[in-house]
1. Take the chain, connect every pair of alpha-carbon atoms lying under 10 Å apart with a spring to form a Gaussian network, then pick out the residue of 150, 86, 141 with the largest mean-square fluctuation.
2. Could you give the length gained on full extension between residue 159 and residue 67, defined as 0.36 nm per residue of separation minus the Cα-Cα distance, in nm?
3. Hey, in the GNM for the chain with a 10 angstrom Cα cutoff, which one of 167, 42, 103 fluctuates hardest?
4. For the stretch 25-188, would you read off the P(r) tail past 26 Å as a percentage of all alpha carbon pairs?
5. 222 nm [θ] for the chain, helices only, -39500 (n - 2.57) per DSSP H run of 4+, per residue, to 500?
6. Which of 106, 65, 166 moves the most in a Gaussian network model of the chain with Cα springs under 10 Å?
7. Grab the Cα-Cα distance for residue 128 and residue 25, subtract it from 0.36 nm times how many residues apart they are, and report the gain in nm with one decimal.
8. For residue 33 and residue 7, compute 0.36 nm times the residue count separating them, minus their Cα-Cα distance, and round to one decimal in nm.
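Since every read-out is calculated from the coordinates, none of them should be taken as a lab result. In this text the structure is predicted, and so the values were computed from the model without any measurement.
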């Protein structure tokens, strides 16, 4: 099953607090509520990591994104959508909504660099609690009837707020058997 949607894909879904949704198993819950860098986690679990930039340009955020952002007078936003791939498989679709002024001042030249690398290496950012969602894989042009799970949170720095939303795609280890990191696997050999 391969991701088959074109930029901008968007995430016009119903987001809920984790307390309002039943997560089917402990492994998925661990992935959804892990507050560390998802990029670093994907990198640690794969022998070959890649980031595919689907697109980034000015876009009007969805209503559910604007309500989370609290807009603060900001009128122009960039939407950035990427795929995080582990071992040549698409594991995560991510959509970020970033104020244009913040892109210009702090994130210029991001390109194919993971946004998470900047967010988690800069202690000035604060992160909100997660919101969760479910959606059919067909929303991304994927076959089958699998339900996909996603999460989003708000990162804030000074007067800037940005949304980072991540959806675990069917090949993601979030749905599979417990996966140990490369380092742990190598120690066992």
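1. 141
2. 31.5 nm
3. So, out of 167, 42, 103, the one fluctuating most is 103.
4. Roughly 27 percent, once rounded to a whole number.
5. -6000 deg cm²/dmol
6. 106
7. 34.7 nm
8. 6.7 nm is the gain from fully extending residue 33 to residue 7.
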